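*Asks:* To start, I am sharing the structure in question, which I have written as structure tokens.
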Amino acid sequence: EKIKMSVVNRNAHQQAMKRRKMLNFLNRNPLFSSFLLLGAAVFVPNHVDGFVPVPDNHRIVVPATSAGKEDLFVNNIAIAAPSSFHTTHFYSGNKQSTGVIARGKINGESESEKPGFFEDLAISPPYAIAYVLFLGYAFMRTMGEAEGASMEVLQGFFNDPLNPGCNEIFTTIFNLLGLFFVPMACLLMPGAKGQKFPATPFLVGAALGGYGVLGPYAITRKPMTDITKADLGWFTANVLENKVFNYFIAAAFFSAYITSGLLDALLTKDVHEIISGYLDLVSSTAIASASSMDFLILTVAGASFVSEDVKRRNVDDEKTANLIGATTMLLPGIGLALYCALRPNLNEQ
């Protein structure tokens, strides 16, 4: 054991001496050191600390310890004689050697400070208010309904989703809620990069939870209109922007109005009776009232997302964008799907 420890200590001492000789050589030859650092700046990958490219309007500086001033270097690369660098100490056993460390920074910024999650968090009041109202309304309706009323309605959908045996208007609304997340994804995914939260979990969750799941993402997201096709991910560019897929989703929304029996009921039954039956169901069950509120919020929110998406596609006029968004509410659900199918393509670059 003593021999082994002796060998280890001797090797460590030799390595420390080699490092010390190298650092002493660099200190005595500042010109060579500058060329060495310049070569490293050219060949070292950009992600290495100390050689991060920055815009031309920024300066990279190294604080000098000798004169109390900052040395400016060329081509955004911190190059200086080792005598200007801060010093640090390396320890190896009982031996101590002095080395140099160059630390670059952008003027006016701290390299250790990064914005916290809540520092640049922006809350969108309309989406936040809608979210609070939706949760509050759903809670109040759940507390006030007769025991088992909503479960009885849900049991009908579990047995036969297309013909649950309840009002045709509510059957259509309930089935459309499961499709809403697709056109929402078509509208939100192009601007999903750079948001506080990833869009995918919220959009997938919206298939079951509607605005109750999508709300937090809508509240914290920022409008993104300066988007080109080159900015999109593979799935967004090749699936959500694909016209065949968009027309398929539009057809699915159309079919929901037919398979739910609403279209046939409007043509063969008393419209007043159908509407009266729907209002009775809303007043008596929490599932019908909460789902209707959810459907309304998603329709209006989708229209606002359409207005934003229109601006990505070379429509700069605010009134025109808002008008196009508003027209999608004329046919709830179908309007969003049709817009996604008919909208112009994004610019390539």
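The values are calculated or read from the model by the stated rules, or taken from the named source; none is laboratory data. Just so it is clear, the structure is predicted and the values come from calculations on it, not from any experiment. Note: ideal-geometry Cβ built from the backbone for every residue, glycine included; neighbour counts use all protein chains shown. Just the protein is used for accessible areas: all its heavy atoms, side chains included, with ligands, DNA and RNA removed. Shrake-Rupley method; radii C 1.70, N 1.55, O 1.52, S 1.80 Å.
*Asks:* Before we move on, is Thr236 under 30 Å from Pro198 (Cα atoms), buried (at least 16 other Cβ atoms within 10 Å of the Cβ), polar (S, T, N, Q) and in contact with a Lys or Arg (Cβ under 7 Å, 6 or more places away or on another chain)?
*Replies:* Criteria not met by Thr236.
*Asks:* What number goes with the only condition from (1) loosely packed, with under 15 Cβ neighbours inside 10 Å; (2) at pLDDT 85 or above that Cys166 does not pass?
*Replies:* For Cys166, the failing item is (1).
*Asks:* To continue, here is another question. If you go through the stretch 231-257 one residue at a time, how many are of a type in the set (Ser, Thr, Tyr) and touching a Phe, Trp or Tyr at 6+ places or on another chain (Cβ under 8 Å)?
*Replies:* Residues meeting the conditions: 0.
*Asks:* One residue is enough: does the stretch 280-300 have a residue meeting the conditions outside any helix (DSSP H, G or I) and either in contact with an Asp or Glu (Cβ under 8 Å, 6 or more places away or on another chain) or open to solvent by 30 Å² or more (accessible area, probe 1.4 Å) (or both)?
*Replies:* Looking for residues that are outside any helix (DSSP H, G or I) and either in contact with an Asp or Glu (Cβ under 8 Å, 6 or more places away or on another chain) or open to solvent by 30 Å² or more (accessible area, probe 1.4 Å) (or both), one finds at least one in the stretch 280-300, hence yes.
*Asks:* Ok, one more. Is there a residue in the stretch 120-136 that is aliphatic (A, V, I, L, M), part of a loop (DSSP other than H, G, I, E, B), modelled with pLDDT under 85 and closer than 30 Å to Arg20 by Cα?
*Replies:* Scanning the stretch 120-136 turns up no residue that is aliphatic (A, V, I, L, M), part of a loop (DSSP other than H, G, I, E, B), modelled with pLDDT under 85 and closer than 30 Å to Arg20 by Cα.
*Asks:* Please specify each residue of the stretch 123-158 satisfying the condition of being open to solvent by 70 Å² or more (accessible area, probe 1.4 Å) and touching a Gly at 6+ places or on another chain (Cβ under 8 Å).
*Replies:* Across the stretch 123-158, the qualifying residue is only Leu135.
*Asks:* Among the residues of the stretch 308-326, write down those that are surrounded by 15 or more Cβ atoms within 10 Å (Cβ to Cβ) and under 17 Å from Glu241 (Cα atoms).
*Replies:* Within the stretch 308-326, Glu308, Asp309, Val310, Lys311, Arg312, Arg313 qualify.
*Asks:* When you go through (1) under 26 Å from Ile249 (Cβ atoms); (2) outside any loop (DSSP other than H, G, I, E, B); (3) in contact (Cβ under 8 Å) with a residue 60 or more places away in the chain; (4) of a type in the set (A, V, I, L, M, F, W, C) one by one for Leu162, which number turns out not to apply?
*Replies:* Every listed condition holds for Leu162 apart from (2).
*Asks:* What's the total number of residues in the stretch 165-174 that are closer than 22 Å to Ala337 by Cα and either of a type in the set (S, T, N, Q) or assigned to a loop (DSSP other than H, G, I, E, B) (or both)?
*Replies:* Residues that pass the stated criteria total 2.
*Asks:* Let me ask something additional. Of the conditions (1) of a type outside the set (Gly, Ala, Ser); (2) outside any helix (DSSP H, G or I); (3) without any contact (Cβ under 8 Å) to a residue 12 or more places away in the chain, Thr320 satisfies every one except a single condition; which number is it?
*Replies:* Result: Thr320 fails condition (2) only.
*Asks:* Among the residues of the stretch 169-196, which ones are open to solvent by 10 Å² or more (accessible area, probe 1.4 Å), under 22 Å from Lys311 (Cβ atoms) and not aliphatic (A, V, I, L, M)?
*Replies:* Scanning the stretch 169-196 gives Lys193, Gly194, Gln195, Lys196.
*Asks:* Got at least one residue in the stretch 261-275 being within 32 Å of the chain's Cα centre (by Cα) and either surrounded by 19 or more Cβ atoms within 10 Å (Cβ to Cβ) or of a type outside the set (Ser, Thr, Tyr) (or both)?
*Replies:* Within the stretch 261-275, not a single residue is within 32 Å of the chain's Cα centre (by Cα) and either surrounded by 19 or more Cβ atoms within 10 Å (Cβ to Cβ) or of a type outside the set (Ser, Thr, Tyr) (or both).
*Asks:* With the condition kept exactly as written, say whether any residue in the stretch 138-156 is at pLDDT below 95, in a loop (DSSP other than H, G, I, E, B) and among the hydroxyl-bearing types (Ser, Thr, Tyr).
*Replies:* No, every residue in the stretch 138-156 fails to be at pLDDT below 95, in a loop (DSSP other than H, G, I, E, B) and among the hydroxyl-bearing types (Ser, Thr, Tyr).
*Asks:* Can you find, within the stretch 207-233, the residue that is most open to solvent (accessible area, probe 1.4 Å) among those that are hydrophobic (A, V, I, L, M, F, W, C) and modelled with pLDDT of 95 or more?
*Replies:* The qualifying residue most open to solvent (accessible area, probe 1.4 Å) is Val213.
*Asks:* Same structure, new question: Just to be sure before I move on: is Ser255 among the polar types (S, T, N, Q), farther than 23 Å from Val132 by Cβ and open to solvent by less than 60 Å² (accessible area, probe 1.4 Å) in the structure I sent?
*Replies:* Yes, satisfied.
*Asks:* Can you pull out every residue in the stretch 327-349 that is open to solvent by 40 Å² or more (accessible area, probe 1.4 Å) and either under 16 Å from Ala251 (Cβ atoms) or among the hydrophobic types (A, V, I, L, M, F, W, C) (or both)?
*Replies:* Within the stretch 327-349, Met329, Leu330, Leu331, Leu338, Leu342 meet the criteria.
*Asks:* Which residue, of Leu263, Leu267, is free of Cβ contacts under 8 Å to residues at least 12 places away in the same chain, under 22 Å from Phe174 (Cα atoms), part of a helix (DSSP H, G or I) and touching a helix residue (DSSP H, G or I) at 6+ places or on another chain (Cβ under 9 Å)?
*Replies:* Leu263
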